[in-house]
1. Pick from Ala150, Ala210, Ala247, Ala184: which is touching an Asp or Glu at 6+ places or on another chain (Cβ under 8 Å), at pLDDT 95 or above, crowded, with 20+ Cβ neighbours inside 10 Å and not basic (Lys, Arg)?
2. Return yes or no: is Val198 modelled with pLDDT under 95, more than 27 Å from Ser114 (Cα to Cα) and buried (at least 21 other Cβ atoms within 10 Å of the Cβ)?
3. When you scan the range 157-174, do you find a residue that is under 29 Å from the mean Cα position of the chain (by Cα), at pLDDT 95 or above, under 22 Å from Gln118 (Cβ atoms) and not small (Gly, Ala, Ser), even just one?
4. Write out, first by first residue and then by second, each pair whose Cβ atoms fall under 7 Å of each other, whose residues are 6+ apart or on separate chains, and whose first residue, in the range 272-300, is closer than 26 Å to Glu73 by Cβ and among the polar types (S, T, N, Q) while the second is modelled with pLDDT of 85 or more and open to solvent by less than 50 Å² (accessible area, probe 1.4 Å).
5. Residues Gly183, Gly221: which one is of a type outside the set (S, T, N, Q) and part of a loop (DSSP other than H, G, I, E, B)?
6. Any chance the range 317-327 includes a residue that's at pLDDT below 65, open to solvent by 80 Å² or more (accessible area, probe 1.4 Å) and not in a helix (DSSP H, G or I)?
Amino acid sequence: MAVSSIGDLATSTMLRSQNSRLQSEMETLVQELSSGQVSIRDTALGGSYRAISGIETTLKRLDAYELSSTEAEGFSETMQAALGSIQETTGNLSVELLAAGNSGTAASASATVSGAKQDFEAVISWLNTNYAGRTVFGGVATDTPAIASASDILSDLETEIAASGAATVSDVEAVVRDWFATGAAYLGSNQALSPMTVGAGQTVEFDFTAQNQEIQDTLSGIALAIMVDSSSVGFSADQQILLAERAGEILLGANQDLLVSRANVGALQETIENAQAEMVSERTSMDLALNELLTADPYDRATRLSQVETQIEILYTLTVRTSNLNLMNFL
């Protein structure tokens, strides 16, 4: 009669292999019980990845939208803050200039010049503000300042006024307005930034630049205030009063236009906020759906873990018995 047997080495190898497999399975079951999710996705949905893949694709798309919307949010907040500061500053200056004009004294008009110079520098600084290293008011030219320095602008304006032979308040105003209108102070681009995607089918466009009319008017009004006692203008006391008053009127009008611009930026911010709220809602739904698909049944895992532990105990018993087999015990 033929006898089939397994050698000691083969038996030892088989037992070690079985032990390794059972230990690995037990670790997986313990991990799934603690985390509540399957550790190997092959076991989820019978190995069908279509549902999981669809959800993960949506989540990746949301990641891209959120990154873009965060940039748009930062841009809009920076722009809104700058415009708000400019509006507040020029609003106060316009009141001072109109009061100086109504006072009827050149001394009052001249007293506003020092403050106007500081305000001019502040406005230029706000117009050159940037978000994440990108200039906000320069159109697509985000790597350069949007406006030339205050000192360069005033120096060029005084040269322009002196060369023009302007002799009246209207003449000086025309020179200043025309100079800003040509873009001589603007260092940015006339091309607006490309629309930023903030959600599925949702974009916002930042087409406001430092060359917009309300900014030109703002800069013109402050520059005229500074020219009240400029030697290049050389106005009489009466003309100084009139120039201060006219500068105040221009700034008052520009201030109203800035309010409209801020409202437009506010509308962009609302669009961004709504898009972000929708993405948060969609992400929550996708996360819940994915979690449900990958949830490990705790009862099933506990049952299987118990079975594996039993198998390991049996394997240990067999291993011990096999290792104790020898001729003396057999006889």
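The values are calculated or read from the model by the stated rules, or taken from the named source; none is laboratory data. Every value quoted in this text rests on a predicted model; they were computed, and no experiment measured them. Glycine also receives a Cβ, built like all others from the backbone with ideal geometry; neighbour counts cover every protein chain displayed. To get the accessible areas, we keep the full protein, side chains included, count just its heavy atoms, and leave off ligands, DNA and RNA. Shrake-Rupley method; radii C 1.70, N 1.55, O 1.52, S 1.80 Å.
1. Working: Ala210 fails: touching an Asp or Glu at 6+ places or on another chain (Cβ under 8 Å); Ala247 fails: touching an Asp or Glu at 6+ places or on another chain (Cβ under 8 Å); Ala184 fails: crowded, with 20+ Cβ neighbours inside 10 Å.
Among Ala150, Ala210, Ala247, Ala184, only Ala150 is touching an Asp or Glu at 6+ places or on another chain (Cβ under 8 Å), at pLDDT 95 or above, crowded, with 20+ Cβ neighbours inside 10 Å and not basic (Lys, Arg).
2. Working: modelled with pLDDT under 95: yes; more than 27 Å from Ser114 (Cα to Cα): yes; buried (at least 21 other Cβ atoms within 10 Å of the Cβ): yes.
In short, yes.
3. Step one: of the range 157-174, the residues under 29 Å from the mean Cα position of the chain (by Cα) are none.
Scanning the range 157-174 turns up no residue that is under 29 Å from the mean Cα position of the chain (by Cα), at pLDDT 95 or above, under 22 Å from Gln118 (Cβ atoms) and not small (Gly, Ala, Ser).
4. Gln276/Ser69
5. Working: Gly221 fails: part of a loop (DSSP other than H, G, I, E, B).
Answer to the selection: Gly183.
6. Yes: one or more hits.
Yes or no, residue by residue, for (1) buried (at least 22 other Cβ atoms within 10 Å of the Cβ); (2) without any contact (Cβ under 8 Å) to a residue 40 or more places away in the chain:
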position: Gly84; (1), (2): no, no
position: Glu88; (1), (2): no, yes
position: Val95; (1), (2): no, no
position: Gly101; (1), (2): yes, no
position: Ser110; (1), (2): no, no
position: Ser114; (1), (2): no, yes
position: Glu121; (1), (2): no, yes
position: Ser125; (1), (2): no, yes
